[in-house]
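Report on the following structure.
All of the numbers you see were taken from the coordinates with simple rules; none came from a lab. Predicted model only: the values in this text are computed from it and were never measured. Methodologically, a virtual Cβ is constructed for each residue, glycine included, from the backbone with ideal geometry; neighbour enumeration extends over all protein chains shown.
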Amino acid sequence: MLTLFSTPKPFAGHIAVIQRNALRSWKALDPQIEIMLFGDEPGTAEICRELGLRHLPDVQRTDEGTKLVSSIFGPAQELARHNTLCYVNCDIVLGRDFAQSIQRAADWGRRFLMVGRRWDSDIAWPIDFSDAAWEPNLREFVLRKGVQRLYYNIDYFAFTKGIYTDIPPLAIGRVWWDHWLIWKAAQQGAAVIDASDAVFAMHQNHDYAYHPEGQTGVWYGEGSQQNFKVAGGYRHLHTLEDASFRMTAQSIEPRRLYWASPALRAVRRVVKKARDTTRVRVLHPLYDATRSLRHGIGLNQHNLQLKTKKSIRRHEFDR
């Protein structure tokens, strides 16, 4: 069986709605699943009493006030009743395919970390879990209105107890800590499984008002920069491209070229730097120098851009 654990934000406004949705979807997976919530944010104790969850309020934090990964993953492994655990961000709705995939991975007989891509969608209402069709209906809505994120967006980490030891002072709620978890599992000899094709993880979109600089601050602020340093830089940061196995509807099969992922990422960084340099040093000066002439004949920067084939629907940060 499974122990799910997470750490919520304060239960207020829209965040309260989506966190209740997530937690109730986890409760619906199986009555034997253990769920633990870490932290003392407003509303956490109340939701734990209401839903019968285990509450662990004491969590260590950074100077910025962000919770430390070590103070959540360490106690979770020590206190969990089950040998398989899963950290899930508290805005992720899970369905039956998740529970089935966890069982398949556990029955596989190897130490593992199971991770996968998520689907983003605007869900602003309380899900009616008394409706037997809540899951297929929500899935249809997300497929129609939502966006599947790329290989570096990971919101659940299912793993065999004991994999995560000696965790550096990484902060949850900033970037890079999740990529370190994938690297660490591989370093511990665990099989890393990409379950994106088997698990439909539904992320409920929300704002980033909890950070003074919003989403940009979460992704690029001091906390994320510190995570990058503490993790050891790019060589200790893996994504789903580094998964050594892939879970399909029928099997768990090896991924042959996962070992080439670090080189692929290095190439992407070089290409991005070259593109950014070209944009700043060539295109922007050219647009500025020709602005009067272009506007005189009805051309602007937008309609000068080359048109390509219809792009895949993506999140703004995944372009």
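For a straight C-alpha distance cut-off of 16 angstrom, the aspartates and glutamates reachable from K9 (same-chain residues fewer than eight places away being disregarded) are D40, E41, E46, D58, E64, D91, D155, D207. All C-alpha pair distances within the chain, sorted into 20 Å bins from zero, spread as 29, 56, 14, 1 percent across the bins.
Starting with the highest mean, order 7-13, 129-135, 91-97 by the number of other Cβ atoms within 10 Å, averaged over the residues of each peptide.
91-97, 7-13, 129-135
If R0 equals 41 Å, the separation of the Cβ atoms of V59 and T290 corresponds to a calculated FRET efficiency of about 0.15. Ranking H203, A106, S244 by Cα position along the charge dipole of the chain, where only Lys, Arg, Asp and Glu carry charges on their C-beta atoms, puts S244 farthest toward the positive end. Need one word for region 109-267: rounded, prolate or oblate. Basis is the Cα gyration tensor (sqrt eigenvalues a ≥ b ≥ c); a/c below 1.5 gives rounded, then a/b vs b/c decides. It comes out oblate by the Cα gyration axes. Electrostatic tally near V93: other residues with Cβ closer than 11 Å to its Cβ, Lys and Arg +1, Asp and Glu -1, net +1. Taking a ≥ b ≥ c as the square roots of the Cα gyration tensor eigenvalues, region 7-146 comes out oblate, since a/c reaches at least 1.5 and a/b does not exceed b/c.
Highest mean first, the peptides 114-122, 75-83 sorted by other C-beta atoms within 10 Å per residue fall in the order 114-122, 75-83. Measuring nothing but how far apart in sequence close Cα pairs (under 8 Å, 6+ apart) lie, relative to its length, the chain scores a relative contact order of 18 percent. Quick check: from the Cα gyration tensor, does region 1-75 come out rounded (a/c under 1.5), prolate or oblate? Oblate shape, in that a/c is at least 1.5 and b/c is the bigger or equal ratio.
Between the C-alpha center of region 166-191 and that of region 95-142 there is a gap of 23 Å. In this structure, the amide hydrogen of A201, modeled 1.01 Å from its nitrogen in the peptide plane, lies closer than 5 angstrom to those of W119, counting only residues at least 5 positions away or on a different chain. Per-residue 3J(HN,Hα) values for region 172-188, derived from phi via the Karplus relation 6.51 cos²θ - 1.76 cosθ + 1.60 with θ = phi - 60°, read 6, x, 10, 8, 5, 5, 5, 5, 5, 4, 5, 4, 4, 4, 5, 5, 7 Hz in sequence order (x marks Gly and Pro).
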